[in-house]
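I have a structure here, written as C-alpha cells, and I will follow up with some questions on it.
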Amino acid sequence: MKDPEKAKAALLLAETSLAGALDNPALALRVTVQNNPRARRVSLRVDPFNGCVVLVRPPRVSDRAVAAFVTSRQGWISKHIEALPARVVFSDGAMIPFRGQEHVVRFRAKAGGDRPPLDESRAFTARGGERPPPDESRAFTARGSVWREDSEGQPVIVVAGRPEHLPRRLRDWLKAEARSALTPPVYAMARALDVKMPRVSVRDTRSRWGSCSRDGKLSFSWRLILAPASVLTYVAAHEVAHLKHMNHGPGFWRTVAHLLDARLLDAHLLNESPGNFLGANLDWASAREWLRRSGAALHRYG
Ligand SMILES: [Zn+2]
C-alpha cells in the first residue's frame, strides 16, 4: 500500500534546488528526495516498488553538501536506474507470471457462455484440531469474472467485465489466489508445530514478503502468487516457524526445514499432493536465493 504521507514528503530531485546536481536531467526524474529527520548521513537506495532511486536526506546538511554527494554518485545512480525492470501495467496483452509461469492477460468485455470452470482454490478441509480463524480477507472477487485458460499452449488469465474495472479485478483475483494458496500450507504447518492457528492476511507489503506479529498474526505479500510455488511455500514455512521462534537462530531454521518436509505436508494436507505446494526437492536455501535475486522484480506488476 502506498503511504500518502511519505509520497507527499518525497519530491523528485528534478523539482528541488538540487536539480542541477546530475548532468543527465532525465535521471533527476527517477530520483526522489526523502527528508528523514532521523537519518544521520546522506544515502541512496533503490526502490524497486516505485522504480526509482531514493535519496535520503538528514536534517541540517547543506544543499551544497547534498549536491556534491549526488554528483559524486552519478555513475551509481544511472547504473541502478538502468537495471530497474520496466513496470508492467495490468492491461490487455500484458505478460505476468502466475505461480512462476508466464501468462498473457486478456481483457474481455463479457464473460462468454462457454467459459471453462474457474481454476479456483481447492476447498481446504481441516483434519480435526483447532478450527482455522475466520477469513480476514477484504478482497472480494466476483466469482467467474477472472479465470485461467490455455490457448494453444499459452497460459492465459482472462479478465471479464467493464474495461475500467479490469485492472482492479485482476489485482483482487491475484490477492484472493495468493490467499487460497497460502492458507492450506500455513494451517497445515501450524498444526504440525502444534501452535495456535494464526490469522492470515494478504496485502501489498513493500519491503517484506511475510511477517509474523507477536500476537500470532501472519501477513503476506499478494505478490508471492507471482513467484514459483516453492517460493510461496517457503515464505509460509518461514512465517509459521516464527510462531515458535521469534528469531533467525539455528532452531528457527531447523523448524523451517522440518516444515518443508514433503512427508510432513503430505500427512497434514487432505486432498492435496505436496507437489502442488513444493517444487521438486524444495530446499529453503534455494527459495530464499530466488527471492533475493528475483523478488524485487515482482513489484513491477500492476
Ligand atoms: Zn524471519
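The values are calculated or read from the model by the stated rules, or taken from the named source; none is laboratory data. Only a predicted model underlies this, so the values are computations on that prediction, with no experimental measurement involved. Reconstructed Cβ throughout: ideal geometry from the backbone, glycine too, with neighbour counts over all protein chains shown.
For ARG263, are the conditions met, namely being at pLDDT 95 or above and either outside any loop (DSSP other than H, G, I, E, B) or crowded, with 22+ Cβ neighbours inside 10 Å (or both)?
no
Which condition number in (1) of a type in the set (Gly, Ala, Ser); (2) buried (at least 24 other Cβ atoms within 10 Å of the Cβ); (3) over 30 Å from ASP92 (Cβ atoms); (4) within 16 Å of the ligand (Cβ to nearest atom) is the one that ALA188 fails?
Unmet for ALA188, out of (1) of a type in the set (Gly, Ala, Ser); (2) buried (at least 24 other Cβ atoms within 10 Å of the Cβ); (3) over 30 Å from ASP92 (Cβ atoms); (4) within 16 Å of the ligand (Cβ to nearest atom): (4).
Quickly run through region 29-78 and pick out the residues that are in a loop (DSSP other than H, G, I, E, B) and closer than 26 Å to ASP204 by Cβ.
LEU29, ARG30, ASN36, ARG38, ALA39, PRO48, PHE49, ASN50, GLY51
Could you please find all residues in region 211-223 being within 14 Å of the ligand (Cβ to nearest atom) and either of a type outside the set (Ser, Thr, Tyr) or more than 27 Å from GLN101 (Cβ to Cβ) (or both)? I'd like the intermediate steps shown before the answer.
Let us first name the residues in region 211-223 that are within 14 Å of the ligand (Cβ to nearest atom), namely 211-214, 218-221.
Correct list: CYS212, SER213, ARG214, LEU218, PHE220.
Something else: Can you tell which of LEU232, LEU226 is in contact with a strand residue (DSSP E or B) (Cβ under 7 Å, 6 or more places away or on another chain), under 19 Å from ALA287 (Cβ atoms) and either more than 13 Å from the ligand (Cβ to nearest atom) or assigned by TED's automatic domain parsing to the domain that holds ARG293 (or both)?
LEU226
Here's something else I'd like to know. Within region 193-205, track down each residue that is modelled with pLDDT under 90 and either buried (at least 17 other Cβ atoms within 10 Å of the Cβ) or within 16 Å of the ligand (Cβ to nearest atom) (or both).
Selection gives THR205 alone.
Now, a different point. So if I check each of TRP209, TRP173, which one is over 17 Å from ALA94 (Cα atoms) and surrounded by 15 or more Cβ atoms within 10 Å (Cβ to Cβ)?
Result of the check over TRP209, TRP173: TRP209.
What are the residues in region 90-106 that are buried (at least 16 other Cβ atoms within 10 Å of the Cβ) and either at positive phi or in contact with a Phe, Trp or Tyr (Cβ under 9 Å, 6 or more places away or on another chain) (or both), if any?
PHE90, ALA94, ILE96, PRO97, ARG99, GLY100, VAL105, listed by residue number.
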